[in-house]
Amino acid sequence: MPEIPLTLFELNGRIKDSIHQAFPDSCWVVAEISELKVNANGHCYLELIEKDTESEAMKARARATIWSSAFRMIRPYFETTVRTALSPGLKIMVKASVEFHELYGLSLNITDIEPSYTLGEMAKQKQEVIDQLIREGVFDLNKQQEMNRLPRKIAVISSPTAAGYGDFQNQLLHNPHGYKFYIRLFPAIMQGEEAEVSIVNAMERVFRHEDFFDALVIIRGGGAQSDLNCFNGYWLASHIAQFSLPVLTGIGHEQDETVADMVAHTRLKTPTAVAEFLLSKFQSEESLLYELSASLASASREILHSRENKLMKLAFMMKPLIRSAMEDSRKRLAIDAVILKNAKDKILSGARNAWALMQFRVTSSSKQYLLRNDHRISLIRNNLKFIVPSFIQQKAFRLEMLTSKNFYNDPQHMLQRGYSITLYQGKPLRNAAEATEGERITTVLYKGKVISRIEGTEEEGEGLKV
């Protein structure tokens with residue numbers, strides 16, 4: 001027969017007494033928050049756990065309570081100091097009394113939380129994420145992405161109801177300069193436990209359109225400063241660092257720089273600052289264009305002025321050459337006119353002599369013939385009335401043709417008809433083979449002249465290319 005057994009209540013009572021004797025006073029305990037709930041009465045119920053540092057397997061678990069009277073003071077002090085809400089995943093150091101209830105079992109009654117420990121743990125975790133990204137060689141990858149000089153098509157990850165997103169959109173789309181932007185929102189949860197996964201999923205949706213967008217903007221505005229933990233997570237930071245587009249962050253905080261900020265292409269304080277950064281890119285390009293335009297106009301004026309001076313010098317040099325050429329042409333025309341006049345006089349004199357001789361012969365022959373045959377002479381006389389005037393008319397027509405040819409060969413007349421005189425090195429150019437590529441030629445027109453540079457020559461029949 002065994003000894004007298006204990007009831008469960010008695011057993012639990014002994015455990016309670018033993019625990020009370022072992023832990024008569026409160027003690028400091030380090031643990032990680034696994035679950036946290038606040039009921040309507042303001043009491044906070046937590047589940048605390050401890051994981052193995054290598055395997056992440058759970059080593060211990062305990063329930064804990066912070067009664068509303070203490071929670072009203074502990075919570076704001078902790079969150080103001082740490083700038084992070086009490087939430088699952090945080091490692092905390094708590095001052096607690098060990099309680100054991102016969103019905104509810106073991107629990108910790110928390111009376112204080114040391115925020116400096118959590119700050120140290122958060123900084124440690126943050127540094128571990130940074131170190132891991134550096135070891136993997138991806139920490140600066142996004143900073144090496146080349147941003148479009150005029151980023152117009154912007155993918156935005158934000159909450160559609162966030163005030164910061166509205167400010168960002170309004171500042172870009174209604175900018176006073178009239179710059180045009182295309183903005184597409186990829187909604188995501190921007191705070192809380194689900195934020196990191198939600199933002200990464202939104203980034204994957206943006207990645208499907210990477211060829212269309214110029215940059216990715218991650219902005220958050222209007223939330224509490226205590227909701228930044230997700231931006232220190234490895235998963236989100238790794239995605240930002242390796243993203244195929246330049247990532248701009250405007251998470252809306254100034255005191256702390258998250259890991260997401262560190263690995264992003266450009267970190268800005270607020271959504272409005274991101275909009276101002278994008279606008280500044282356009283303003284810089286516009287200023288550069290104005291400067292280039294002014295420089296081009298100034299250079300053009302200088303070139304035109306220089307060319308004008310050269311043309312004036314060439315015109316001054318060519319003027320006596322053209323006058324000399326014109327004078328030579330006039331002299332040749334005068335000689336040709338004298339020759340033509342002499343030829344005309346000789347032709348007319350010969351024609352008259354021939355006519356006189358013919359008239360004499362005809363008269364003599366006619367008299368003899370008339371004596372023999374009056375009728376036949378009458379016929380011949382009639383024929384001569386037509387033949388002689390026709391002969392004279394032909395000779396006179398030829399004379400007029402020669403005179404007209406002389407007139408049309410006059411250089412001034414030729415120029416007036418649309419022909420031109422090309423001068424090369426001060427002399428008329430008659431053969432394309434005599435011209436040298438790159439040299440200048442002067443084309444004399446009826447009114448004015450044209451100065452050209454020889455780019456090339458072609459054989460006769462192929463056309464000349466100047």
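The values are calculated or read from the model by the stated rules, or taken from the named source; none is laboratory data. It should be emphasised that the depicted structure is a prediction, and the values quoted were computed from it without experimental measurement. Quick reminder, even Gly has a Cβ in these numbers, built from the backbone with ideal geometry, and neighbours come from all protein chains shown. Quick note on the areas: whole protein, heavy atoms, side chains included, nothing else; ligands and nucleic acids left out. Shrake-Rupley method; radii C 1.70, N 1.55, O 1.52, S 1.80 Å.
Do we have Lys281 as assigned to a helix (DSSP H, G or I), at pLDDT below 90 and either in contact with an Asp or Glu (Cβ under 8 Å, 6 or more places away or on another chain) or open to solvent by 40 Å² or more (accessible area, probe 1.4 Å) (or both) here?
no
Among the residues that make up region 37-51, is at least one of them over 15 Å from Ala85 (Cα atoms), open to solvent by 100 Å² or more (accessible area, probe 1.4 Å) and of a type in the set (A, V, I, L, M, F, W, C)?
Yes, some residue in region 37-51 is over 15 Å from Ala85 (Cα atoms), open to solvent by 100 Å² or more (accessible area, probe 1.4 Å) and of a type in the set (A, V, I, L, M, F, W, C).
Within region 295-315, can one find any residue that is surrounded by fewer than 11 Cβ atoms within 10 Å (Cβ to Cβ), at pLDDT 85 or above and within 30 Å of Phe181 (Cα to Cα)?
yes
Being open to solvent by less than 30 Å² (accessible area, probe 1.4 Å) and not in a helix (DSSP H, G or I) is the filter here; which residues of region 164-178 pass it?
Within region 164-178, Asn175 is the sole residue that qualifies.
With the condition kept exactly as written, say whether any residue in region 447-459 is under 19 Å from Arg323 (Cα atoms), buried (at least 16 other Cβ atoms within 10 Å of the Cβ) and of a type in the set (A, V, I, L, M).
So far as region 447-459 goes, no, none of its residues is under 19 Å from Arg323 (Cα atoms), buried (at least 16 other Cβ atoms within 10 Å of the Cβ) and of a type in the set (A, V, I, L, M).
Asp256 passes all but one of (1) open to solvent by 40 Å² or more (accessible area, probe 1.4 Å); (2) modelled with pLDDT of 90 or more; (3) touching a Leu at 6+ places or on another chain (Cβ under 9 Å); which number fails?
(2)
Does Ser87 meet the test of being without any contact (Cβ under 8 Å) to a residue 12 or more places away in the chain, of a type in the set (Ser, Thr, Tyr), open to solvent by 20 Å² or more (accessible area, probe 1.4 Å) and farther than 30 Å from Ser284 by Cα?
no
Output yes when any residue across region 107-121 is over 29 Å from Ile19 (Cα atoms) and open to solvent by less than 60 Å² (accessible area, probe 1.4 Å), and no when none is.
Yes, region 107-121 contains at least one residue that is over 29 Å from Ile19 (Cα atoms) and open to solvent by less than 60 Å² (accessible area, probe 1.4 Å).
Out of (1) surrounded by fewer than 19 Cβ atoms within 10 Å (Cβ to Cβ); (2) farther than 22 Å from Met122 by Cα; (3) at pLDDT 90 or above, the odd one out for Gly222 is which?
It is condition (3) that Gly222 fails.
Of these, Glu196, Glu204, which one is assigned to a helix (DSSP H, G or I) and more than 17 Å from Arg220 (Cβ to Cβ)?
Glu204
Residues of region 68-84 being buried (at least 18 other Cβ atoms within 10 Å of the Cβ), free of Cβ contacts under 8 Å to residues at least 60 places away in the same chain and under 18 Å from Gly192 (Cβ atoms), which ones?
Scanning region 68-84 gives a single hit, Phe78.
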